[in-house]
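Read through the structure below, which is laid out as structure tokens, and then see the notes.
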Amino acid sequence: MNNKTYEELISGNQIYQMVTERLDTYSTDIENLKYGEMNNELLDLILDLYDDDKDFPYNKLRKFSISEILGYLQASHKYYLTKKLPEIEQSLLHIFSKYGQTHQLLAALAMFFNSYKTKLVAHIKTEEKEFFPYIKKLMKAEKGELDSNAKAGLFSESSVEDFNDTHDPIEDELKEVSKIIQEFSGKDEMPLPYRIFLNQVELFELELRKHAIIEDHVLVPMAIELENKLKNVA
Ligand SMILES: [Fe+2]
Ligand SMILES: [Fe+2]
């Protein structure tokens with residue numbers, strides 16, 4: 001096996017593992033979908049999206065139910081907060097235990113990462129506490145489970161457009177990590193623990209980028225469609 005194939009295999013596996021790992025907790029309170037019930041076709045398309053998002057056929061993802069997309073995104077949020085962030089923190093702690101607090105680089109990284117974590121948690125919280133519940137209400141309205149008053153109130157309290165206007169690309173800032181490390185290590189070869197840390201952060205950045213693409217190009221258009229449909233019959 002030549003080196004390139006080996007590298008490709010490793011990174012392909014890493015992505016596959018990353019995408020499927022969150023399904024251990026896959027469930028949604030909307031249609032009581034449980035682990036194992038995630039549509040395989042949906043999973044395959046998501047893996048394709050990780051591979052290449054340039055010419056990705058978004059229409060293909062829009063044929064799934066909004067609750068399936070929402071369920072996947074919620075499982076991802078949970079996965080970031082309970083698995084990915086702690087893993088990255090663990091590896092930062094490992095660097096601390098190895099180099100002590102003498103490295104200036106460490107102080108810079110720890111500061112960066114703490115503030116990043118606060119922003120990411122706030123980002124996810126807004127989606128979980130505001131945007132997703134709004135979509136769930138739209139779904140209820142579609143099923144006729146909201147009376148006309150509740151329906152009218154629904155459109156005055158929130159909108160998909162509000163979310164769209166404020167949805168930041170939270171992953172961009174993670175590119176700073178590589179800059180911070182390079183700034184301090186200069187031309188020297190980067191020590192292994194830093195390389196591991198950087199690799200985790202870069203994978204997480206990729207992960208968050210794909211996640212945002214699903215939110216912006218799949219969930220948002222689906223929610224707008226639902227919103228318009230309900231407004232037209234109101
Ligand atoms: Fe999200
Ligand atoms: Fe988001």
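Laboratory data are not the source of any read-out in this text; all were calculated from the coordinates shown. Predicted model only: the values in this text are computed from it and were never measured. Cβ sites come from the backbone with ideal geometry, for glycine too, and all protein chains shown count toward neighbours.
One table, with the values for the structure above:
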| item | result |
| --- | --- |
| Dipole moment magnitude, nearest 20 debye, the chain about Cα centre, only Lys, Arg, Asp, Glu C-beta charged | 420 |
| Qualifying aspartates and glutamates (Cα of each under 12 Å from Cα of LYS60; at least 8 residues distant if same chain) | GLU41, ASP44, ASP48 |
| Pairs from LYS136/LYS179; LYS54/LYS78; LYS117/LYS229; LYS84/LYS140 whose Cα-Cα separation, in the structure shown, is over 30 Å | LYS136/LYS179; LYS117/LYS229; LYS84/LYS140 |
| Nearby aspartates and glutamates by direct alpha-carbon distance to LYS125 (threshold 16 angstrom, same-chain neighbours under 8 apart not counted) | ASP162, ASP168, GLU171, GLU215 |
| In the range 127-195, GluC sites (Glu not before Pro) in a DSSP loop with at most 11 other beta-carbon atoms within 10 Å | GLU145, GLU189 |
| Within the chain, helix-based [θ] at 222 nm, where runs of 4 or more DSSP H residues each add -39,500 (n - 2.57), nearest 500 | -22500 deg cm²/dmol |
